[in-house]
Amino acid sequence: MSLETSTDTQDLQTDEIGGMLLAQVGNAYWLLEGEEHLDALLNGRDPYPTPVKCLRFSTASHLQSMMPEGQNTGQLWGVHPAIVERVKRRGELMVFTAPELG
């Protein structure tokens, strides 16, 4: 059973995030939370917290508008789309749609 869903962030409570949180724009992914689990996610052999949560943004500027002031995606770890695809195939990815601001 796949955990991939497309839902809004009302279902993504801050205190429930924990584990790993990715940001997605198109076919690009960045790690927002869970750096301590990044090696395990990348190698796919060591345990990492599941489900991996992914917050989908409509554009790069949409993601940037949600980042803390003074930070940008260049400061985040990128995650190769093939890694995310592997997590998805294993049924370990839960996708949420970020709200549009403005």
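Looking only at the range 9-24, decide whether some residue is of a type in the set (A, V, I, L, M, F, W, C), modelled with pLDDT of 95 or more and out of contact with any helix residue (DSSP H, G or I) (no Cβ under 8 Å at 6 or more places or on another chain). Yes; the residues of the range 9-24 include at least one that is of a type in the set (A, V, I, L, M, F, W, C), modelled with pLDDT of 95 or more and out of contact with any helix residue (DSSP H, G or I) (no Cβ under 8 Å at 6 or more places or on another chain).
The number of residues in the range 31-54 that are part of a strand (DSSP E or B), touching a residue at least 40 places away in the same chain (Cβ under 8 Å) and farther than 17 Å from Glu85 by Cβ comes to 1. For the range 77-102, a residue qualifies if it is surrounded by fewer than 15 Cβ atoms within 10 Å (Cβ to Cβ), modelled with pLDDT of 95 or more and aliphatic (A, V, I, L, M), and exactly one does: Ala82. In the range 55-76, is there at least one residue being surrounded by fewer than 16 Cβ atoms within 10 Å (Cβ to Cβ), at pLDDT 95 or above and touching a helix residue (DSSP H, G or I) at 6+ places or on another chain (Cβ under 7 Å)? Within the range 55-76 (the criterion being surrounded by fewer than 16 Cβ atoms within 10 Å (Cβ to Cβ), at pLDDT 95 or above and touching a helix residue (DSSP H, G or I) at 6+ places or on another chain (Cβ under 7 Å)), the answer is no, since none of the residues qualifies.
The values are calculated or read from the model by the stated rules, or taken from the named source; none is laboratory data. Every value quoted in this text rests on a predicted model; they were computed, and no experiment measured them. Every residue, glycine as well, gets a Cβ built from its backbone with ideal geometry; the counts of neighbours run over all protein chains shown.
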